[in-house]
Amino acid sequence: MTRHFLALHDYTKDELDALLSLAAELKGKQKAGIPHRLLEGKSVALIFEKASTRTRVSFEVGVFQLGGHGLFMSSGTSQMGRGEPIKDSARVMSRYCDGVMIRTFGQEIVDEFAKYSDVPVINGLTDLFHPCQIMADLQTVIERKGSYQSLRFAWVGDGNNMANTWIEAAVILGFDLALACPEGYQPDATVMQWANSKAPGRITLSNDPRQAVKDADVINTDVWASMGQESEQKEREKAFAGYCLDDALLALARPDSVVLHCLPAHRGEEISDSVIEGPNSAVWDEAENRLHVQKAIMVTLMGTV
């Protein structure tokens, strides 16, 4: 049976830990200049229905470093963008490629693609989940803290795909997560219901950023208006007043706390310039680790270790 990477809840703690361990190993090899062409002769289709910088570059470079070939496809230059049924595209791409990465809108798109695909499908981002990013975030935390165990995580801002995936990670991996989201911008209700049924009390949700950040070891935030929500920017700026991760808010966390942001950042909105450029920030390591953790995912699904 073909294994995909669509959401963290499809994986066990041991499986996610194994991916993180492999990511660290591959990063070490890349830094040391040791070849690791574990996708030699293989091709990976990279389908983008949303704009991208980090996802596109990290996947293309990652496939190349693994000895494979990445094929960039955008909705404007493929038949998917002209209305070809997803199941038709999936069955055809399975005949050509050894794997597929999709960055798109609805989670149902990657789910349906995977249903009809005979090769592994990786979720590069949907409106509901962003599993590759959270895995890179966890790798960064491990590098800074030695482990994610026994740490207190905080999320400040929109209850978006990042927040939803952090909730999944907290339940599966067993750490505490406090989220602060304005009224009307909470995480997905189904995700919250799943989390509370699996790990009652592990996830706390409020509309007070100070409460969420207090004594936190790791603080994460994201833009207030994600792709496709640009028309809501002014409305969201009002709703998110007081949610900027600035020096005053950071001071409530532990002195050695780690600040994360998946980028791009709107400095002065969800995060201040002083924080993102400050000593607690691990944003650039976090961005780099997209490369290494995605290589680990691809190798696990379609390569040879």
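Are there any pairs, at least 6 apart or on different chains, whose C-beta atoms fall under 8 Å, with the first in the stretch 48-65 and closer than 25 Å to R82 by Cα and the second in a helix (DSSP H, G or I) and aliphatic (A, V, I, L, M), and if so, which?
These pairs meet every condition: E49/M80; E49/I109.
Tell me, please, whether a residue that is of a type in the set (S, T, N, Q), under 17 Å from T55 (Cα atoms) and assigned by TED's automatic domain parsing to the domain that holds F48 can be found in the stretch 93-103.
Filtering the stretch 93-103 down to residues of a type in the set (S, T, N, Q) leaves 94.
Then drop every residue that is not under 17 Å from T55 (Cα atoms), which leaves none.
No: the stretch 93-103 contains no residue that is of a type in the set (S, T, N, Q), under 17 Å from T55 (Cα atoms) and assigned by TED's automatic domain parsing to the domain that holds F48.
Pairs only if they're at least six apart or on different chains, beta carbon under 7 angstrom, first in the stretch 202-222 and on the phi > 0 side of the Ramachandran plot, second among the small types (G, A, S); list them, first residue then second.
D215/A253
Mind telling me which of the residues A154, A136, A114, A90 ends up being closer than 22 Å to G70 by Cβ, of a type in the set (G, A, S), at pLDDT 95 or above and buried (at least 24 other Cβ atoms within 10 Å of the Cβ)? Don't jump to the end; show me each part of the working.
Details: A154 fails: closer than 22 Å to G70 by Cβ; A114 fails: buried (at least 24 other Cβ atoms within 10 Å of the Cβ); A90 fails: buried (at least 24 other Cβ atoms within 10 Å of the Cβ).
Every option except A136 fails the conditions.
Among (1) closer than 28 Å to A178 by Cα; (2) surrounded by 23 or more Cβ atoms within 10 Å (Cβ to Cβ); (3) not assigned by TED's automatic domain parsing to the domain that holds A216, which single condition is G106 missing?
Unmet condition: (2).
Tell me the residue from D208, D222 that is out of contact with any Leu (no Cβ under 8 Å at 6 or more places or on another chain) and surrounded by 23 or more Cβ atoms within 10 Å (Cβ to Cβ), please. Write out each step before concluding.
Numbers: D208 fails: surrounded by 23 or more Cβ atoms within 10 Å (Cβ to Cβ).
Residue meeting the stated conditions: D222.
Could you check the stretch 102-216 for strands (runs of 3 or more DSSP E) lying wholly inside it with 1 or more residues that are under 16 Å from the mean Cα position of the chain (by Cα) and more than 23 Å from S226 (Cα to Cα)? Outline the logic, then answer.
On the way: elements: 121-125, 152-156, 176-180, 203-206.
The qualifying strands (runs of 3 or more DSSP E) are 121-125.
Name every residue in the stretch 247-272 that is under 16 Å from D217 (Cα atoms) and of a type in the set (D, E, K, R), in order of residue number.
D247, R254, D256
Kindly indicate whether any position in the stretch 110-125 is in contact with a Phe, Trp or Tyr (Cβ under 7 Å, 6 or more places away or on another chain), under 30 Å from Y96 (Cα atoms) and of a type in the set (S, T, N, Q).
So far as the stretch 110-125 goes, yes, one or more of its residues are in contact with a Phe, Trp or Tyr (Cβ under 7 Å, 6 or more places away or on another chain), under 30 Å from Y96 (Cα atoms) and of a type in the set (S, T, N, Q).
The values are calculated or read from the model by the stated rules, or taken from the named source; none is laboratory data. Since the model is a prediction, treat every value here as computed from it, not as a measurement. Virtual Cβ from ideal backbone geometry, glycine too; neighbours counted across all protein chains shown.
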